[in-house]
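Down below is the structure, laid out as structure tokens.
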Ligand SMILES: Cc1ncc(COP(=O)(O)O)c(C=O)c1O
């Protein structure tokens, strides 16, 4: 008789966004005349930039001819893309990352969920609270998190690092020593960032205690301030303690196209075993590569035309972010984020819980956001709005919220 991976049974409730989806669908079905504006899920809405579409068309045509057809991609990804990444995302910022330390994938969600596989199940993880749920849930599935306390919404074997107003939504070094530290900056959900000096403290700490930092830089393209690092490898010593995750979803609108990468420097070792070789083994065994057409599309992100077009696209979303941030602040709300990230973190007014505010906004002004408590206990009484809508909808949503 087969048995289940019982760790899956420990996972509480349904996924945050399916709960939101159900509530919104029920409301829409009951009130078909209402125009609901969705600023909840972090999905992009602008079409792919012309340079990317053009590259995809060329690649599609190549696939139609025997001389230029491509089958399975190389294990780490095509060199043309890895070279473009190494040059544009790293060397141009003074970071010493070689093309063969870059592993192309179909996105940062898979990589952030899969990366824990190369570590022992008795490693202790530390996560920010609130947090992108994939880091915790993938460790629950692996049996690394102990037991769940439904009252506190926490796992017994996870170190939580509260990111709250008092510390500027930046985690403090934990009292208990972790083995794996998940950091994400600019942050989802709070939209907060940390400075290069603050990140350097984390790198020094990880090197001192022998921990690995898994650094999710999916929102790097939204950074506008000079002292905010784009990559953890801008910090000295990061090559011996950090893995970096990147995505093409938010900088280039690839949420439906699917492309990302993970950087594992060759100096990052446990004893004399390089994590690079373990991740290469895992990648080669369980993954057959992002499609050629998509990798060519990724290459176009780094072309001169691609860079210019994507700068405009990011600016479009950040204009929304500024409208939300300034509009709600002027209306008396307590808001943060929205400067180096497409997320605005809003304190629910009048002592409401996150879900009470969710229901209130949905029912009173037909605007959908994400309850902060869905990202962890320290997210309670907060609410996330995204800048990924159209400008017109964003303006209308903010004006409606101001009126409540
Ligand atoms: C912090 C963070 N990491 C990773 C992802 C997933 O990115 P991808 O679309 O590349 O899987 C998201 C998506 O919202 C995210 O917020």
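Averaged across orientations, what area in nm² does the convex hull of the alpha carbons in the range 141-223 project?
Mean shadow area of the hull around the Cα atoms is 6.5 nm².
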Round to a whole angstrom and tell me the spacing of the C-alpha centers of the range 302-334 and the range 72-113. 26 Å
If I take every Cα pair under 8 Å that is 6 or more residues apart in the range 224-271, average their sequence separation and divide by the length, what percent do I get for the relative contact order? 35 percent
Starting from the 7 Å offset along Cα-to-Cβ, what nm value, one decimal, do you get for the label separation of residue 175 and residue 225? 2.9 nm
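Could you work out the equivalent-ellipsoid semi-axes for the range 272-404, taking the square root of 5 times each eigenvalue of the Cα gyration tensor, largest first, in whole Å?
The answer is 37, 22, 13 Å, longest axis first.
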Taking 2.2 N^0.38 Å as the expected size of a compact globular protein, what ratio does the Cα radius of gyration of the range 302-350 give against it, to two decimals? 1.44
Could you work out the relative contact order of the range 235-380, using alpha carbon pairs under 8 angstrom and six or more residues apart, expressed as a whole percent? 12 percent
Debye calculation, C-alpha points only, no solvent: report log10 I(q)/I(0) for the range 242-322 at q = 0.13 Å⁻¹, in the same order as the q values. -0.57
When only C-alpha pairs under 8 Å and at least 6 residues apart count, what is the relative contact order of the chain, in percent? 23 percent
Among 156-163, 301-308, how do they line up by average Cβ neighbours within 10 Å per residue, starting with the highest? 156-163, 301-308
Starting from the Kirkwood Rh over alpha-carbon pairs, what translational D in µm² s⁻¹ does the chain have by Stokes-Einstein at 4 °C and 1.567 mPa s? 59 µm²/s
Point-to-point label distance, residue 34-residue 6, nm (Cα→Cβ direction, 7 Å offset): 4.3 nm
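Kirkwood Rh over Cα pairs of the range 1-133 into Stokes-Einstein at 25 °C, 0.890 mPa s: D in µm²/s?
It diffuses with D of about 120 µm²/s by this estimate.
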Using only alpha-carbon positions, what ratio does the radius of gyration of the range 1-66 give when scaled by 2.2 N^0.38 Å? 1.97
How are the alpha carbon pair distances in the range 191-247 distributed across 10 Å bins from zero to the largest one, expressed in percent? 25, 56, 18, 1
What percent antiparallel are the DSSP beta bridges of the chain, to the nearest 5? 55 percent
Hydrodynamic calc, the range 168-278: Kirkwood Rh from Cα pairs, then Stokes-Einstein at 25 °C with viscosity 0.890 mPa s, so D in µm² s⁻¹ is 168 µm²/s
Rounded to two decimals, the Debye log10 I(q)/I(0) of the range 48-197 (Cα scatterers, no solvent) at q = 0.13 Å⁻¹ is -0.82
Shape call for the range 93-173 from the C-alpha gyration tensor, a ≥ b ≥ c root eigenvalues: rounded (a/c under 1.5), prolate (a/b greater than b/c) or oblate? oblate
Between residue 150 and residue 353, with labels modelled 7 Å along Cα→Cβ, what's the label distance in nm to one decimal, could you check? 1.3 nm
Place the peptides 130-143, 23-36 in order of packing, highest mean first, counting for every residue the other Cβ atoms within 10 Å and averaging per peptide. 130-143, 23-36
Could you state the number of Å between the C-alpha centres of the range 357-372 and the range 186-228? 31 Å
Kindly rank 347-359, 77-89 from highest to lowest mean number of other beta carbons found within 10 Å of each residue. 77-89, 347-359
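Bear in mind that the values in this text are calculations on the coordinates, not laboratory data. Model, not experiment: these values are computed from the prediction. In this analysis, Cβ positions are derived from the backbone assuming ideal geometry, glycine residues included, and neighbour counts consider all displayed protein chains.
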